[in-house]
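Have a look at the structure below before the remarks.
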């Protein structure tokens, strides 16, 4: 039976988190907005959970084209709206300052200036109007913009105003809209968790706690119900008031995330239960593989079973890092053994800690990119496309440009059936930095 929110359409999300307002000293900085969006991105981009194609903009990112500036945010919102079809779903999450001035309500990007908000901030009305023109039949907006203790002017906290609230929720046909607090309230931090309180419970809910009926599906209303209940309990315990506001005018269910079915112990390799995982064993196994010929590897497939067993037992993150490091350092002399190992590497790139670590490991990123753009056969191209898709948030614009150039010039990549779904996500991430003519030509080559 088909689920209410069919996956036939694309699911796209723009996540914006701003801690630092670097051009105007009168705008107070925030603490946890970046943490909020980074972890939300990890959930939504997980192909077993959210299946969203995400774009992440935040004030601590090392890429000028992904900083949450006014031009970047507006450009990505326009792309989010204009590149969607009727079967698609779009989601915007903004965590930063909001401000009302002379009857106009604004979202404040990192480069905003209070004395010229009309020229440097983003009118909330523009956001709503732009997204309303999207063909996507399901649109969802979350605004977390009234933060306690980090106020405009650094003198006092600025609660949610009636005007800002009405702007958010007026003319919301076709939208699901969720704000972190009500009129006159503030959005509080949860310092012990390094998150805003609202976002902490949203993330907790999306990881599974909001699945109250046990159907492994968390809809937008499910998430709201969980956050509202937990935030109310949290607020009472702290002697404050913070109650999210929610309006749902979307036809049918808007599935936020699905929960992956847990693998039963019976379905795992018997080797997993029998062999304890240690870093030395992983290194030794890799060294065995790196000096084998293809024929020897083919006759020693139990080594790959053993390697998987090591990886998916115990401390996956530490062992995943070891595996990737050794994979790059050994640079197998024969390509075939390396290809057999790649699916294991593809598995571990889905771990959120590995994604973060990859962002600081230039050698490993460069290795994956070069392996992808020089892929020599259909199967390998598909595996490497999957790896690249999973580490997209760690790539710079220059690296994305290099990948696009490689796809254009290597027909083994775009002719690989296994790579097709991943290629769509990769090309979608590069679309804003390449000429439209090249984009269209490549899409034609891919047969889309």
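The values are calculated or read from the model by the stated rules, or taken from the named source; none is laboratory data. Note that the structure is a prediction, hence the values are computed from the model and not measured. Glycine gets a Cβ as well: all are built from the backbone with ideal geometry, and neighbour counts include every protein chain shown.
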Problem - Condition check for residue 142: part of a strand (DSSP E or B), out of contact with any helix residue (DSSP H, G or I) (no Cβ under 7 Å at 6 or more places or on another chain), at pLDDT 85 or above and at negative phi - result: yes
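Here's a check for you: in the stretch 364-387, which residue that is at pLDDT below 75 and part of a helix (DSSP H, G or I) is surrounded by the fewest Cβ atoms within 10 Å (Cβ to Cβ)?
Taking the stretch 364-387 and keeping what is at pLDDT below 75, we get 376-380.
Of the ones still in play, those that are also part of a helix (DSSP H, G or I) are 378-380.
Details: 378: 14, 379: 16, 380: 23.
Taking the candidates together, the pick is 378.
Can you tell me how many residues in the stretch 409-422 are part of a helix (DSSP H, G or I) and in contact with a helix residue (DSSP H, G or I) (Cβ under 6 Å, 6 or more places away or on another chain)?
In the first step, residues of the stretch 409-422 are kept if they are part of a helix (DSSP H, G or I); the result is 409, 411-414, 417-422.
Among the residues that remain, those that are also in contact with a helix residue (DSSP H, G or I) (Cβ under 6 Å, 6 or more places away or on another chain) are: 412-414, 418-419, 422.
So the answer is 6.
Pick from the stretch 204-219 the residues that are part of a loop (DSSP other than H, G, I, E, B) and farther than 21 Å from residue 352 by Cα: which of them is modelled with the highest pLDDT?
Checking each candidate, the answer is 211.
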Practice task
Hand me the list of strands (runs of 3 or more DSSP E) wholly inside the stretch 1-110 holding 1 or more residues that are crowded, with 22+ Cβ neighbours inside 10 Å, under 17 Å from the mean Cα position of the chain (by Cα) and in the same structural domain as residue 201 (by TED's automatic domain parsing).
Solution key: 11-17, 53-58, 89-95
